[in-house]
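> Below: one structure in structure tokens.
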Amino acid sequence: MPRRLALLLFFLLQPLAQALAQEEPPFGRVELRVEAPSETPYVGEPLRLVIRSAIRGRVLLDHIIQPSLLDFDWQQFGVDSSSEEMIDGFWTPVVERVLMIYPLRAGRLTIPPFKRRIAYRIDESGRVEAEYASQPLQIEARARDGLVPPGESFLPARSLRITDVWDIEPDKIPFGETARRTVTVEAEGVTADRLPPLPNFRAPGIITFAAPVERRTIVTDQGPVAHAVYRWNVRPVSAVSAYAPAIRIAWFDVATRRMREAVAPERRIAFGDAPREHSATRLRESPGLSAPQPMIAALASFVATAALICLVVAMRGRIGVRRPAALAALRRAARAADAVAFRHAARRLAQADPKAWARIVAREDIGPALDALDAALYGPRPAAVPALAPLARAIAAAWAQSCAE
């Protein structure tokens, strides 16, 4: 009797066991969601695209197929995240991928379907491939006419902060030294490659040397945070004070939907002690003139100087006027096409003989060319550098003529 009962149960339960042994087709779903502002976004404004796919089954292989986003620039934000959720009464693995997309043109734009292709088991030895696709998604984008002038960059962000730090107070730079200026820009909701290039930091009366821009993007749960660090070494050209222009960064506040501006203010650039004060300090620190040895040396120096002046005056017509070293530096800079070195050499010539230099710059073939050189080096907008070789020859000839008079 027990044997017959066991056989009966075997035949009754065999179909059920076979049904359980067969694998059901997996459950799959792919969805797209765009996190956009309440108003129509502008061209170039960052939007958060979330690709959410759920697959339930004995999956062997799978991967997400991303379509060509022809109407958008895009960047993947972080790595894919995995979790489990209760869907239709079953715990189901869910994968999310986040892209930052930027509309490239105005109008109705289409995000094509994203697909997830899988291979799953149907029994102990076989497998089948399946593919699940999202529905296409359409969004509207509008032109940013009137927001920024033509040709200027558009910087949308949730917030933007700018800090300006000097390692030395810019109006108290020790004579002969340089100050380091560091401007840091931090913007939320945008990646670092979207921040502006190195700002223009040129002005008459100062020399600047820019360091490479440092950029990095920090990934947070609220979105990307961009950092950019701009550095310059700054020094005045002379004892006369100069002014470094303000640095202005225009950006679009995505929360208030308005353009705003972050500013690092204009700063005065100057040496803390003038060259004359520097020389006076060295003189005060030197030994006093009351000792007999310095007085004898000073008297001998005076006699020698007077004799030398008389000798030069007597032989001026025979040996001519010695040309200053700055004139040779001017010619070298012209041959090397180094506009900055050329202007520095010209400035040393002006300091060597201000009256002669005033007559030189009054000439029509020299003064306007020097003004054009200053505009190219220190002007607010890029300009062409004049030909340096002819200008150097004209200055040398004018200098010789002025000194001979």
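The values are calculated or read from the model by the stated rules, or taken from the named source; none is laboratory data. Computed from a prediction, not measured in an experiment: that's the story for all the values here. In this analysis, Cβ positions are derived from the backbone assuming ideal geometry, glycine residues included, and neighbour counts consider all displayed protein chains.
> For Pro67, state whether it is more than 14 Å from Pro113 (Cα to Cα) and either acidic (Asp, Glu) or at pLDDT 90 or above (or both).
no
> Being assigned by TED's automatic domain parsing to the domain that holds Val219, surrounded by 17 or more Cβ atoms within 10 Å (Cβ to Cβ) and more than 15 Å from the chain's Cα centre (by Cα) narrows it down to one of Glu177, Glu169, Glu188, so name that one.
Only one candidate passes the filter, namely Glu188.
> Taking helices (runs of 4 or more DSSP H) that fall entirely within region 328-394, which contain at least 3 residues that are surrounded by 14 or more Cβ atoms within 10 Å (Cβ to Cβ), of a type in the set (Gly, Ala, Ser) and not assigned by TED's automatic domain parsing to the domain that holds Pro236?
Filter on region 328-394 gives 339-352, 367-378.
> Give Val263, Val229 a once-over and let me know the one that is surrounded by 14 or more Cβ atoms within 10 Å (Cβ to Cβ) and of a type in the set (Val, Ile, Thr).
Answer to the selection: Val229.
> Just to be sure I understand, how many residues within region 199-220 are in a loop (DSSP other than H, G, I, E, B) and over 21 Å from Ala242 (Cα atoms)?
So the answer is 3.
> Pairs under 8 Å by beta carbon, first residue free of Cβ contacts under 8 Å to residues at least 24 places away in the same chain and over 14 Å from Arg48 (Cβ atoms) in region 59-83, partner exposed (fewer than 14 other Cβ atoms within 10 Å of the Cβ) and charged (D, E, K, R), six or more apart or different chains?
From region 59-83, no pairs qualify.
> If we scan region 150-161, do we find a residue that is modelled with pLDDT under 90, more than 16 Å from Val263 (Cα to Cα), in a strand (DSSP E or B) and within 20 Å of the chain's Cα centre (by Cα)?
no
> Taking the conditions exactly as written (closer than 30 Å to Glu39 by Cβ and surrounded by 14 or more Cβ atoms within 10 Å (Cβ to Cβ)), does Gly205 satisfy them or not?
When the stated conditions are applied, Gly205 does not pass them.
> Is it true that some residue in region 109-128 is in a loop (DSSP other than H, G, I, E, B) and among the hydroxyl-bearing types (Ser, Thr, Tyr)?
Yes, there is a match, as at least one residue in region 109-128 is in a loop (DSSP other than H, G, I, E, B) and among the hydroxyl-bearing types (Ser, Thr, Tyr).
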